[in-house]
Amino acid sequence: MRHNLVIANWKLNGSIKLINSFANEWNSLTTANVQVVVCPPAIYLSAAKEQHPQMVLGAQVCSAYQEGAYTGELSAAMLHDVGAHYVLVGHSERRALFGETDEVVASKIAAAQQAKLIPVLCVGETASERSASLTEKVILQQLEKGLLQADLHRLVIAYEPVWAIGTGETASPQQAQEIHALIRGWVAQQDAAVAETIQLLYGGSVKPANAGELFQQKDIDGGLIGGASLDVEQFKAICTAAQER
Ligand code: PGA
């Protein structure tokens, strides 16, 4: 049986105050069948770990490099040191705004796994790729190239259609399920046993109102939540929807 996983991606938002409010609600967010991970800006990881050891934390990005003359970078090992257990890799904002190619994504996945972080690989098509019927091709290419050197046993994959991120437009549960089944099928071709256990998340304008129907889908094991993770009550409602799955 796969546990449900709900990840909060705060992006360039949040504060110590927001961390404290999540910590106060931690027991109502997590249950026996729902794991929760909070990815605040990395600067907050240390304080969150020290003050709230119950919280499970992730980073939003890591360097592909382990050490050296790379001004501004944070290595996967450093993030692990200050409390991260997970790291997002290949989020569409990183791909579109910070030039992360599939090759960079593959290096970051390798760096994360080497440092014992669990990478959350984000894949998804743009609106123009979807209207040109390229969705499946784009997703399969992102999986193949991004996971070239990956250990599939220690990995989460999130399907986030770019056109649904931060737009208020969500993939329908059927559209999302179709791509999740494609992803699970691809994983099964690599390793049938891993395909049964790997957690596949949906992301893109998940809100309390649509979470339930999305999480009911056979191959959707939870969500990667942006905007709605900045409000602990909304996030709690999404975690409750995951509990009911
Ligand atoms: P959103 O973001 O929930 O605000 O659409 C999701 C994400 O970017 O991970």
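What follows is calculated from the coordinates using simple rules that are stated; it is not laboratory data. Please read all numbers here as calculations on a predicted model, not as lab measurements. Glycine gets a Cβ as well: all are built from the backbone with ideal geometry, and neighbour counts include every protein chain shown.
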So which residue, out of 143, 224, 18, gets the largest mean-square fluctuation from a GNM of the chain using Cα contacts under 10 Å as springs? 18
Among 142, 155, 126, whose Cα projects farthest towards the positive end of the dipole of segment 105-169, with charges put on the beta-carbon of Lys, Arg (+1) and Asp, Glu (-1)? 155
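Provide the FRET efficiency to the nearest 0.05 for the residue 231-residue 12 pair, computing r from the beta carbons and using R0 = 22 Å. Intermediate values should be presented prior to the final figure.
Working: r = 16 Å, r/R0 = 0.74.
After rounding, the FRET efficiency stands at 0.85.
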Expected max-MSF residue from 127, 115, 48 in the GNM of the chain (alpha carbon, under 10 Å) is 127
Go ahead and set up a Gaussian network model of the chain, Cα springs under 10 Å, then flag whichever of 119, 40, 53 fluctuates most. 53
Looking at segment 1-137, what % of its DSSP beta bridges pair antiparallel, to the nearest 5? 5
Would you be so kind as to identify all helices of the chain, as entire DSSP H runs, whose Cα atoms reach 15 Å or more along the helix's own axis and whose mean Kyte-Doolittle hydropathy is at least 0.0? 102-114, 232-243
Greater than 21 Å separation of Cα atoms is the criterion. Which listed pairs, 11/236; 207/236; 17/108, meet it? 17/108
About the Cα centre, charge dipole magnitude for segment 87-237 (Lys/Arg +1, Asp/Glu -1 at Cβ), debye: 220
Would you pull out the residues with amide H under 5 Å of residue 118's amide H, same chain only if 5 or more places away, H placed 1.01 Å from N? 86, 87
Within segment 1-30, list the residues whose amide N lies under 18 Å from a label point set 7 Å along Cα→Cβ of residue 46. 15-17, 19-20
Where in segment 15-50 does the amide nitrogen come within less than 12 Å of the point 7 Å from the Cα of residue 114, taken along Cα to Cβ? none
Taking 0.36 nm per residue of separation and subtracting the Cα-Cα distance, what length does fully extending residue 216 through residue 69 add? 48.2 nm
Step by step: find N for segment 142-245, compute 2.2 N^0.38 Å, then divide the Cα radius of gyration by it. What's the final number? 1.07
Below 8 Å between Cα atoms, with a sequence gap of 6+, how large is the relative contact order for the chain in percent? 21
Net charge of neighbours whose Cβ lies under 12 Å from the Cβ of residue 25, counting Lys and Arg as +1 and Asp and Glu as -1: -1
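I need the GluC sites (Glu not before Pro) found in segment 1-85, filtered to DSSP loop residues with at most 12 other beta carbons within 10 Å of theirs.
Loop-located and lightly packed - 67.
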Kirkwood Rh, angstrom, the chain [1 / mean 1/r, Cα pairs]: 17.8
In µm²/s, what is D for segment 25-152 at 20 °C and 1.002 mPa s, where D = kT/(6 pi eta Rh) by Stokes-Einstein and Rh is the Kirkwood radius from Cα pairs? 137
So how do 10, 186, 26 line up by other beta-carbon neighbours within 10 Å, fewest first? 26, 186, 10
